[in-house]
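The values are calculated or read from the model by the stated rules, or taken from the named source; none is laboratory data. All of these numbers come straight from a predicted model, not from anything done at the bench. Cβ sites come from the backbone with ideal geometry, for glycine too, and all protein chains shown count toward neighbours. Heads up: the accessible areas ignore ligands, DNA and RNA and are worked out on the full protein's heavy atoms, side chains in. Shrake-Rupley method; radii C 1.70, N 1.55, O 1.52, S 1.80 Å.
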Amino acid sequence: MSSLTTTYMGLTLKNPIIAASSGLTNSIENIKAIEANGAGAVVLKSLFEEEIIMETKDNMNKMQASGFIYPETLDYFDFDDMEDPVANFLKLISDAKKSVSIPIIASVNCVTADKWPDFAKRIQDAGADAIELNIFALPSDFHRTAEQNEQLYFDIISRVTSIVKIPVSVKISPYNASLGSFIKRLGETPIKSIVLFNRFYNPDFDIYTLDYTAGTVFSTPAEFAMPLRWIAIMADRTECDLAASTGVHDGNTVVKALLAGASATQIASTLYKNGFEHIQLMIRQIEDWMKEKGYKSIADFKGKLSQEKGHDPAAFERVQFMKHFKDLKR
Ligand SMILES: Cc1cc2nc3c(=O)[nH]c(=O)nc-3n(C[C@H](O)[C@H](O)[C@H](O)COP(=O)(O)O)c2cc1C
């Protein structure tokens, strides 16, 4: 009988399938179902930094007085009707801890380093096993340089890790000019893991109505090519654990992520499309593959096809691209 146990950011997971942060991880009912179907851990739906900052009307007034928000912004909020997202989030953490035994990872979607990190202590006090920082620095602000965008990550990490004792991870986007060097430097901070990669909402066009429409909300399996490449390249070049996110839809793809050197995978789209029961099938697929290959534990094959440990480091390089495409005909 093979063991699927893995360690991820210092936590022991019974298997490497984590329910990624999404609308599905926002209720106790779903978190229980995710555990019942066998997931190794769950990342809660992100709390947004703005929600932390606007926790009370008092804070809003203070921010207004300090010039942090415009008075008109207040017109958009009906405080009597507004639910308290922060209280709900902290309650979800503590209720989840009472309801399930798999690790609960709390996620914060953050864009600044100085307004909210003290809140991280309240996440820890609510009982979260770990914090995932979903840092959003889309490089489309023409006034900010690449260095300034990167510095934001290091400032947030430094503030949060100086406040909490629980492990911290960072979920990044692939939009970075020197991704390899950036991931390497992230790995030199006190964070315990990096999630490669977040997948953002993309706008689309309707060419007949000339309207903006929503792009595809869910990933396709083909999108896994990017996390696979970067996990394989980075696995032996950082001390951090790596988690693969985007395009993991079945157990064989989890196997690929582990072969590349990931410690875990995070799944969202496939849960929306196939339901929580799909986790059971994914686990069976990993077990069947391990049985066929004679592997008893994940350590037996983790990182076997990483760029450094694998038998063909050039597979990830430009030369391979040239070789592969030169003979293609239509
Ligand atoms: C409907 C939906 C909501 C999401 N909400 C969040 C979120 O609040 N925080 C976050 O870090 N990622 C969020 N994600 C991104 C997922 O966690 C995941 O990284 C991404 O969807 C790629 O994985 P997938 O290919 O398995 O969907 C969301 C994804 C979807 C589809």
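None of T270, T265, T220, T246 is on the phi > 0 side of the Ramachandran plot, touching a helix residue (DSSP H, G or I) at 6+ places or on another chain (Cβ under 9 Å) and of a type outside the set (K, R) except T246. T270 meets all of the listed conditions (1) in contact (Cβ under 8 Å) with a residue 24 or more places away in the chain; (2) crowded, with 16+ Cβ neighbours inside 10 Å; (3) hydroxyl-bearing (S, T, Y) but one, namely (1). Only residues that are among the charged types (D, E, K, R), in a loop (DSSP other than H, G, I, E, B) and either open to solvent by less than 60 Å² (accessible area, probe 1.4 Å) or over 15 Å from S158 (Cβ atoms) (or both) were counted across the stretch 116-141, and they come to 2. Note on the stretch 148-175: residues that are under 16 Å from the mean Cα position of the chain (by Cα) and outside any helix (DSSP H, G or I) amount to 9.
In this structure, K171 does satisfy being closer than 27 Å to S99 by Cα and either touching a Pro at 6+ places or on another chain (Cβ under 9 Å) or open to solvent by 10 Å² or more (accessible area, probe 1.4 Å) (or both). Of the listed requirements (1) open to solvent by 10 Å² or more (accessible area, probe 1.4 Å); (2) not aromatic (F, W, Y); (3) not in a loop (DSSP other than H, G, I, E, B), V108 misses just one: (1).
Taken over the stretch 28-46, the criterion of being in contact (Cβ under 8 Å) with a residue 24 or more places away in the chain and more than 18 Å from the chain's Cα centre (by Cα) is satisfied by I28, N30, K32, A33, E35, A36, N37, G38. Considering the stretch 176-203, the residues that are part of a loop (DSSP other than H, G, I, E, B), farther than 17 Å from S140 by Cα and not hydroxyl-bearing (S, T, Y) include one that is farthest from the ligand (Cβ to nearest atom), namely E188. Exactly one residue out of T112, T145 is touching a residue at least 40 places away in the same chain (Cβ under 8 Å) and polar (S, T, N, Q), and it is T112. Within the set S178, S193, the sole residue that is small (G, A, S) and open to solvent by 50 Å² or more (accessible area, probe 1.4 Å) turns out to be S178. On the basis of being crowded, with 19+ Cβ neighbours inside 10 Å and in contact with a Pro (Cβ under 7 Å, 6 or more places away or on another chain), does T246 make the cut? Judged against the criteria, T246 is a match. Of V255, V248, which residue is of a type in the set (A, V, I, L, M, F, W, C) and within 13 Å of the ligand (Cβ to nearest atom)? So the residue among V255, V248 that is of a type in the set (A, V, I, L, M, F, W, C) and within 13 Å of the ligand (Cβ to nearest atom) is V248.
Name every residue in the stretch 277-330 that is aromatic (F, W, Y), more than 17 Å from G251 (Cα to Cα) and open to solvent by 50 Å² or more (accessible area, probe 1.4 Å), in order of residue number.
F321, F325
Each residue in the stretch 252-284 was checked for being charged (D, E, K, R) and under 17 Å from R199 (Cα atoms), and 1 of them qualify. In the stretch 204-225 there is at least one residue that is surrounded by fewer than 18 Cβ atoms within 10 Å (Cβ to Cβ), aromatic (F, W, Y), within 15 Å of the ligand (Cβ to nearest atom) and within 26 Å of S46 (Cβ to Cβ).
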